[in-house]
Amino acid sequence: MGIEAITALGAGMGAAEAQASTRIAHADFSSAVGLGLKGVDEALKGADQTVRAAAAGQEIATHDVMISLEEARMRLMLLAEVRNRLVEAYQELSRMQL
C-alpha cells in the first residue's frame, strides 16, 4: 500500500476557473452575512411585537415573551461575536508583513 502525495486544491485549475471560484465564494459569504443580518432583524422585530402585544393586554404566555426575547438576544450576541472575529482577523492580516 503506497502513500500518495496531497495536491493543492487549485493546482488543476486555470486562472479563469480560480477567479470564478473566488467570485462564488464572495457571493456565498455576502449572502450568508445578509441572511444572518436579516435573521437577527426579524428576531428583534418579533420579540418587540411579542412584548408590545403582552403590554397591550393580549393573552400571551409570559414564557413565550421570554423565549422570543432570549432568542433575539442570543442571535444578537452571535452577530456581535462574528463581527468581533472578523475585525480581529482583518487586524491580524493588516499586521502581517508581505
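Counted by Cβ distance under 11 Å from Lys45, the other residues give a net charge of -1, where Lys and Arg count +1 and Asp and Glu count -1. In this simple spin-label approximation, Met74 and Asp28 carry label points 7 Å from Cα along the Cα→Cβ vector, and these lie 2.6 nm apart.
For the peptides 43-52, 89-98, 58-67, the ranking by mean Cβ contacts within 10 Å, running from highest to lowest, is 43-52, 58-67, 89-98.
Across segment 76-88, computed HN-Hα scalar couplings (Karplus, 6.51 cos²θ - 1.76 cosθ + 1.60, θ = phi - 60°) run 5, 5, 5, 4, 5, 5, 5, 4, 4, 5, 5, 5, 4 Hz from first to last residue, x flagging Gly and Pro. In the calculated pair-distance distribution of segment 22-98, the portion above 22 angstrom amounts to 45 percent of the Cα-Cα pairs. Using θ = phi - 60° in the Karplus curve 6.51 cos²θ - 1.76 cosθ + 1.60, the 3J(HN,Hα) couplings for segment 38-44 round to 5, x, 5, 4, 5, 5, 5 Hz; x is entered for Gly and Pro.
We did not get these values from a lab; they are worked out from the coordinates using the rules stated. Values in this document were obtained by computation on a predicted structure and should not be read as measured data. Because the Cβ atoms are built from the backbone with ideal geometry, glycine has one as well, and the counts that use them run over all protein chains shown.
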